[in-house]
Amino acid sequence: MRRLIEAALGNRVLPNLLMIALLFAGAFSIANLTIKNFPEITTGAVSVTVAFPGASPQEVSDGIIEPIENEIRSLDGVRKITGTARQSVGVVTVDILRSADVATVRDDIETAIAGITVFPSGSEDPVVTEVDAPELAIQYILAGNMDPATLKDLAQTAREELLAQEGISTVEISGVPVDEIGIEIDRATLESFGLSLNDIAARITAENLDLSGGTLRSSDTRLQIRALGERETGADLRSIALFEDENGAVLRLGDIAEIDDGLAEEAVSAQLNGAPGVYISVFRNGNEQILDLVETTRTYIQQDFVTTLPNTVEIVEWRNEADNLQGRIDLLIKNAAIGGGLILLLLTLFLDLRIALWVSVGIAVSFVGAFALMLAFGVTINQLSLFGFILALGIVVDDAIVVGEAIYARRKAGDAGLSAAKAGAARMAPPVFFAVATSIAAFTPLLFLPGTSGSFIAPIAAVVIFVLLMSLVESFFILPQHLAHLSTDDPRRYSPRRVTDALRNRIGGALDRFSDGPVRKAAAFSARQPLFVILTCIGILVASFALLASGTVRVVFFPEIEGNFIASTVELPSGTGSERTQDVAGNVAEAANRAAETLAQDLGVEPGQIIQATAIAVGFAPGTGDPESGGSGSPNRATVDIKIEDAETRTFAAERLENLWRQEVGDVPGARQLSFSASLVGVGAPVSLQVSAASEEAREAAVQRITEALQNRDGVFAVRNSAATSAQEVQITRTAEAEALGVSLAQIAEAVRGAVFGIVATELIRDREEIELRVRLPENERETLADIAAFRVQVGDAQVPLSTLARLDLAPAPTVLTRIDAREITTVEADVDTALTSGTAETSYITGTVLPEIQTDHPDVQISLGGEQEEQQRFGAALGQNFLLALFVMYSILALAFQSFSKPFLMLLTVPFGIIGALGGHALLGLNLTLLSMFGIIGLSGIMINASLLIVNEFEQRRAENSDADVIDVISASIAARFRPIFLTTTTTFLGITPLILEQSLQAQFLIPTAVSLGFGILVGSVIVILLMPAYLRTHEWLADHVAKLGIAPEGQGDKTAEAQ
């Protein structure tokens, strides 16, 4: 390191060229980095979807889910298999181990599924995809009192024109059924012509195709042959010839069928403020910039599309992630600027003005250079990565301060410019290098954490590491050259240094007197009474955990990240029609208006300032536009979204309105689920328990007991479970007549499915949608069980009534079946009021108290964790393992630095005491301990080790210079000598994040726990280090003396200090 520093100083051009290169690379990277709202969330999952039209959940489970489970359960890299069977569709989600490559496992799954030969006839080809949450950029709702099909036509026009815009690649329409060409023929007509639905479907398939016929080749000619017969509209289909009678008359499809070219019979609908609506969603893909994407979309909608709309139709900007992102970027930049200003002010008070300015320049160079590493390693600009820069503000100052002061001290001692720079930088190179290395080691384990939580934490850690690396380069190879030219002469008459130097001398003198007086005395006392000091600090640490035990500080794993929407999801009993669901959703929406009126009265504002608009979605997820079941939508499920005042300007927390809304809604009669959420991002319900047992009766009994137990707990609400209420199912039993006629049960089932759902003759692509041509009976002939029984089935040349071939019975059947790792499970979920309890506490109560009671009656009952608790379990285990590895790396670095096996323990043993300040800060400000709090505590460990390293390094140097000096005097002198840099590091770190701690904006609330952990942790931790290290050093020396008296060579005899390396 010394030689590299001397080489940089020996070339006047190199340091400045390096600085310019870092600035240029950073600026280039900023222009090319992808800007997102949140980091890329890695799901680590693969989804297998198989459609089985008309099949019941049990049929889907038996015929689709179980064969897939059997084929893939033994594949390498598979962590968990979750299968969900619904009406007409089965979905298997495979969670992948973090150590496995998702693409490789996906290929293995595709290969395994391709070998399955037992899928039932009628099922469609499996679709295997990586689970990747789409990133919504901006969403509009097109609404008006008109036919949904007309609204859809307008939305399709907008989609096509948006896709023609540069930079837009994905636009989706939702809230309205897909197009379908329905071909309806009544039973009497079919019988009169001796036709079946299958006959009609087969004829349509034969006459409606676009097929390559191969290639004609001759010696000099090559002709492509193609049969063109595809009809794309209902009108085109009318001319299809079915057959010709003996007189030559042709019977065409239009003669006997009603052909409706319109919307499919799907339970999908949307409303905006009571009017029918259609969602238009624009998504970001690849390297598209969300800010540019939204600006392009807005320009088209506002300048072009709006002018084409009828007066009865409006288009409303519903979700805009760019505005959310820009608001949070501005907020973080503001806090970073204020923090940077406070740091510069502090440096001016304690350092020469020129050093303070060059240190500030060094911070800027480090920050800009870090963007180049972000581009190189694929880290995007988002809220979390920008937050990493704020955390790094105070941390990186220390390197430059230590090097700058060392160089200036040599200049004041009379060394020439370059000589002083070489000597000062070289002297501080070992401790600074090892300090940065230990800090990087502390943050590194946060890069490799699983799940959504790991995706949130990793960008913060990455940015801090990048800034630390850049600060090392700047402090060793750029800053010394700049400081080498500083003059030691008195400032000129009008120089601002005349003011700052006087102020610095006064304040610096006071700090020196404080370090030589109270600090030195406290260090001496600690060295004389090491056992007392150590036990006292341990007692304070133990007492701080009482804040957790008493509930003063609650553990809430994933923080609430407020947005501009509050959503309520209501699920009614299976079989509920969409009209009933719409009515219930309307009542929920009215309750939101009443809640807004109550809140408006409390705030003294108009209700219109609270809720800006209300949207109701039935059968699809409005946030993404995806159908909830992956199929035709769920008519018994609705989402009510209320758009509230923007988080940047509103004066109330979304959670407050959410609670008022929940109170106004109360209990919805018959509802299976009623939940509310104001969070932008989540990892599942706070309480999520997956119950399994050997028998269905035992599982149902366990679910009932758990549900009742949760309902009786304070702070627990919205208790629900996935045990679907039974729907009426038609069960088919083959008769003796069918057996005699040779008709199989599979043929009967296929006939029933065709009678109820129709038969898909073919599919075509139109307006970017896959359109089905479905042949079916009229709606009034497939409404009742009697209609189905009267349906005639083709048996040879005859048509036999279905009632002759089978007995049809109505019986209850589940509407959803869920399996996890081949176990059928029922999930019990609940939400919690974090002011009263936590998901962790309630889960522990169920697993520790309720489950043992259940197992006395049903020993085979098992509970596994889902939702937030599963995420916390995985995250906590990985964090613990990674942090232990990081501690070993830090120990190794310190052992190499001091050529000692024991001295690193002195520094590592200061780490736990940082928790005291972190917990105290959370208690003082009334905050919950969250995932992001843990990040601050872990980052704090590196800073505390650095402070300890400075003290041990100073102690080693002083002992080497005067081995006969009294050890207590050497310890106290070492503490006094290193108090100034420790004080500056502590205050700069705290001031750098103070603006964020004091931030009142709702947009920053989820980030504050990290700042509190780091800020308050370093304030208290630095005091603890000052008190503990003398006790540790004195104890270490005492033990070394006693070991020597036993005749054992002291460890590191002849060891050299870090500087001597």
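At-a-glance table
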item	result
Scope region 37-59; condition of a type in the set (A, V, I, L, M) and in a strand (DSSP E or B); matching residues	Ala45, Val46, Val48, Val50, Ala51
Flag for Asn273 being more than 24 Å from Thr150 (Cα to Cα), among the polar types (S, T, N, Q) and within 34 Å of the chain's Cα centre (by Cα)	no
All positions within region 987-1029 that are more than 19 Å from Leu344 (Cα to Cα) and of a type outside the set (A, V, I, L, M, F, W, C)	Glu999, Gln1000, Ser1001, Gln1003, Gln1005, Pro1009, Thr1010, Ser1013, Gly1017, Gly1021, Ser1022
Test for Ala249: is it free of Cβ contacts under 8 Å to residues at least 40 places away in the same chain, surrounded by fewer than 21 Cβ atoms within 10 Å (Cβ to Cβ) and either aromatic (Phe, Trp, Tyr) or out of contact with any Pro (no Cβ under 8 Å at 6 or more places or on another chain) (or both)	yes
Residue identified as touching a strand residue (DSSP E or B) at 6+ places or on another chain (Cβ under 9 Å), charged (D, E, K, R), surrounded by fewer than 17 Cβ atoms within 10 Å (Cβ to Cβ) and within 23 Å of Ser56 (Cα to Cα) among Asp860, Asp809	Asp809
Residue match in region 40-51 (condition: more than 23 Å from Ala372 (Cβ to Cβ), of a type in the set (S, T, N, Q), loosely packed, with under 15 Cβ neighbours inside 10 Å and modelled with pLDDT of 90 or more)	no
Yes/no for Ala736 being on the phi < 0 side of the Ramachandran plot and in contact (Cβ under 8 Å) with a residue 12 or more places away in the chain	no
Leading residue by the ranking (farthest from Ala723 (Cα to Cα)) among those in region 69-90 that are over 23 Å from the mean Cα position of the chain (by Cα) and assigned to a loop (DSSP other than H, G, I, E, B)	Asp76
Condition check for Ala137: under 20 Å from Pro276 (Cα atoms), crowded, with 20+ Cβ neighbours inside 10 Å and either at pLDDT below 90 or hydrophobic (A, V, I, L, M, F, W, C) (or both)	no
Check on Glu124, surrounded by fewer than 16 Cβ atoms within 10 Å (Cβ to Cβ), in contact (Cβ under 8 Å) with a residue 40 or more places away in the chain and either over 20 Å from Val816 (Cα atoms) or not assigned by TED's automatic domain parsing to the domain that holds Leu375 (or both)	yes
Where Asp260 falls short, out of the listed (1) at pLDDT 85 or above; (2) in contact with a Gly (Cβ under 9 Å, 6 or more places away or on another chain); (3) of a type in the set (D, E, K, R); (4) crowded, with 18+ Cβ neighbours inside 10 Å	(4)
Selection count where residues are surrounded by 16 or more Cβ atoms within 10 Å (Cβ to Cβ) and under 33 Å from the mean Cα position of the chain (by Cα), scope region 880-896	7
Residue among Ala701, Ala718, Ala723 that is within 30 Å of Leu851 (Cα to Cα), part of a loop (DSSP other than H, G, I, E, B) and out of contact with any Phe, Trp or Tyr (no Cβ under 6 Å at 6 or more places or on another chain)	Ala723
Selected residue (only one of Leu347, Leu325, Leu351, Leu331 is more than 37 Å from the chain's Cα centre (by Cα) and either within 18 Å of Asn37 (Cβ to Cβ) or modelled with pLDDT of 80 or more (or both))	Leu347
Candidate set: region 446-496, residues that are over 15 Å from Asp398 (Cα atoms) and of a type in the set (Val, Ile, Thr); chosen: the one farthest from the chain's Cα centre (by Cα)	Thr488
Flag for Ala372 being part of a helix (DSSP H, G or I), buried (at least 24 other Cβ atoms within 10 Å of the Cβ) and in the same structural domain as Asn11 (by TED's automatic domain parsing)	no
Number of positions in region 835-857 that are buried (at least 18 other Cβ atoms within 10 Å of the Cβ) and over 26 Å from the mean Cα position of the chain (by Cα)	4
Pairs with Cβ under 6 Å, 6+ apart, first in region 377-393 and closer than 10 Å to Ile460 by Cα, second assigned to a helix (DSSP H, G or I) and among the charged types (D, E, K, R)	Gln383/Arg328
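The values are calculated or read from the model by the stated rules, or taken from the named source; none is laboratory data. Just so it is clear, the model here is predicted, and its values are computed rather than measured. Neighbour counts are summed over all protein chains in view; Cβ atoms, including those assigned to glycine, are modelled from backbone coordinates with ideal geometry.
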